[in-house]
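The values are calculated or read from the model by the stated rules, or taken from the named source; none is laboratory data. Keep in mind it's a predicted model, so treat the numbers as computed, not measured. Neighbour counts run over all protein chains shown; Cβ positions are idealised from the backbone, glycine included. Calculation scope for accessible area: heavy atoms of the full protein, side chains included, ligands and nucleic acids excluded. Shrake-Rupley method; radii C 1.70, N 1.55, O 1.52, S 1.80 Å.
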Amino acid sequence: MRRYRSTLTLAFLSLLFTGLHAQEKFVANYDEAKVPKYTLADPLEGVTDAASWKAKRTEILALFEKEMFGRSPKYDGGKIAVGDALPPFEILGGKAKVSQPVIKVAGQDLRLLVILPAVSDKAVPAFLGYNFGGNHTVFKDQRIALAQSWMKDGKAQNAKEEDRGKSASRWGIDRIINAGYGLVTLYYADVDPDFHDGFKNGIFAKHGVPKADEWGSIAGWAWGLSRVLDYMEQTPMGVDAKKVAVMGHSRLGKTSLWAGATDERFALVISNNSGCGGAALSKRVFGETVGRITNSFPHWFCGNYNKYANNESALTFDQHMLIALMAPRPLYVASAEEDQWADPHGEFLSCVAADPVYRLLGTEGLPSKEMPKVNETMQGHIAYHIRTGKHDVTGFDWEQYIKFAKKHL
Ligand code: GTR
């Protein structure tokens, strides 16, 4: 028994060492010439028309569930419970009205920040997306509730007053409201704190540790977005639930894609700099890789995804098939020139490879197979741009999203 135990300890230590070691010596490839030769599976293999695509779509979705993001529990469709809302108020000189309802899902209280054009008494189309730092960082106003859950620096309930409005430039509320849209946002850590806690917190606490083919954090966050949409459908709150664009940046862009894939009620999907595990092709092994991402963020995907770490050629699918799961709904993929870690070219190539699905379903797809010039937008039913600058969400990005939404929502 002792011997058995020490062998186990040794195995554990060597695993730990290999893990740390792999992390330490990871060097990202940024050289196009060093991208390995790869073949992408054809999402339309065996598909002849819209009806056979439907069956194929189900197959592809099941593949992503089993091998990458993990299967989320089915929601029973029941009425979403609500907690105490805070008093509504106006901002932007009376142009916008703000409410902060709480919805209760899987043992968690999710505080929404709902900002709508004040002039409209009709339900408006809206953008829905998570924020990274708490609702209080989205717009500077004392009346917006400080986040209550886990904060990135590790200590619970330490949202700071001075962080109010810290990420306002990532949202540009003024622009959204002026265009006649609403914004619904919530703090992603209210759903699940973003660290590898053995799935003990957030919505996972009630569910227990997921099996190898069950949801990781990204799927959990996506599930949370669907519950917000349920609430919007059930509650006359001024948002047209049939016209909701789900939007996310980076890990939350991976999340918006998975939300769009698993929930076809989302009318439009936006992936901002989602990169590896999002819009970027994994088989290019460019910038962040499957090995690196599963090592740095073991909680994001399901256990099965680990088998592709440093083994991308074993993938029978790639991210173009995730993109194809949005079809025929309008989809925007955006990259940034200095965000090579997210592989802008790989994000664009995913769109190119998903285009035939969009076309089969009778939409325009992606207007060209050539990457557009920097700061130029290409908008068909799939839209794409690469802008100057770094990993971020900027006014330029929002201008394009709004233009796209105006065309489709
Ligand atoms: C990075 C991660 C990326 C991206 C990013 C973010 O550390 O490697 O995949 O998700 O974080 O979410 O800002």
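Structural remarks
- Residue match in the stretch 16-23 (condition: open to solvent by less than 50 Å² (accessible area, probe 1.4 Å) and at pLDDT 95 or above): no
- Residues of the stretch 175-190 that turn out to be in a helix (DSSP H, G or I), surrounded by fewer than 20 Cβ atoms within 10 Å (Cβ to Cβ) and touching a Lys or Arg at 6+ places or on another chain (Cβ under 8 Å), as a count: 1
- Extreme residue, nearest to F127 (Cα to Cα), among residues of the stretch 264-275 that are open to solvent by 10 Å² or more (accessible area, probe 1.4 Å) and either in a helix (DSSP H, G or I) or not acidic (D, E) (or both): A267
- Residue within the stretch 320-327 that is within 16 Å of the ligand (Cβ to nearest atom) and either under 16 Å from the mean Cα position of the chain (by Cα) or buried (at least 20 other Cβ atoms within 10 Å of the Cβ) (or both) present: yes
- The number of residues in the stretch 219-275 that are away from the ligand (no atom under 12 Å from the Cβ) and either more than 24 Å from I382 (Cβ to Cβ) or β-branched (V, I, T) (or both) comes to 20.
- Subset of the stretch 240-280 (residues that are touching a Gly at 6+ places or on another chain (Cβ under 7 Å) and basic (K, R)): K254
- Here is the figure for the stretch 35-56: residues that are surrounded by fewer than 10 Cβ atoms within 10 Å (Cβ to Cβ) and within 21 Å of S350 (Cβ to Cβ) total 3.
- You will find that of V102, V124, the residue that is closer than 29 Å to P193 by Cβ, open to solvent by less than 50 Å² (accessible area, probe 1.4 Å) and of a type outside the set (G, A, S) is V102 and no other.
- Positions within the stretch 127-149 being open to solvent by 30 Å² or more (accessible area, probe 1.4 Å) and either under 17 Å from V191 (Cα atoms) or modelled with pLDDT under 95 (or both), in sequence order: F132, L146, Q148
- The condition of being over 18 Å from the mean Cα position of the chain (by Cα) and either of a type in the set (A, V, I, L, M) or within 15 Å of the ligand (Cβ to nearest atom) (or both) holds for only one of V352, V333, that being V352.
- Which listed residue is acidic (D, E) and under 23 Å from V393 (Cβ atoms), from D153, D121, D109: D153
- Of the helices (runs of 4 or more DSSP H) contained entirely in the stretch 191-263, those carrying at least 3 residues that are open to solvent by less than 10 Å² (accessible area, probe 1.4 Å) fall at 217-234, 251-262.
- The lone exception for R292 - which of (1) in a helix (DSSP H, G or I); (2) open to solvent by less than 10 Å² (accessible area, probe 1.4 Å) it fails: (2)
- Residues of the stretch 295-308 that turn out to be open to solvent by less than 20 Å² (accessible area, probe 1.4 Å) and within 12 Å of the ligand (Cβ to nearest atom), as a count: 2
- For beta carbons closer than 7 Å, sequence separation of 6+ or different chains, a first residue in the stretch 382-399 that is over 19 Å from G287 (Cβ atoms) and a second that is at pLDDT 95 or above and small (G, A, S), the qualifying pairs are I382/A354; I382/G365; D397/A334.
- For the stretch 293-306, the set of residues classified as over 18 Å from A205 (Cα atoms) and either without any contact (Cβ under 8 Å) to a residue 60 or more places away in the chain or touching a Phe, Trp or Tyr at 6+ places or on another chain (Cβ under 7 Å) (or both) consists of I293, T294, N306, listed by residue number.
- Test for R284: is it in contact (Cβ under 8 Å) with a residue 60 or more places away in the chain, open to solvent by less than 10 Å² (accessible area, probe 1.4 Å), within 15 Å of the ligand (Cβ to nearest atom) and basic (K, R): yes
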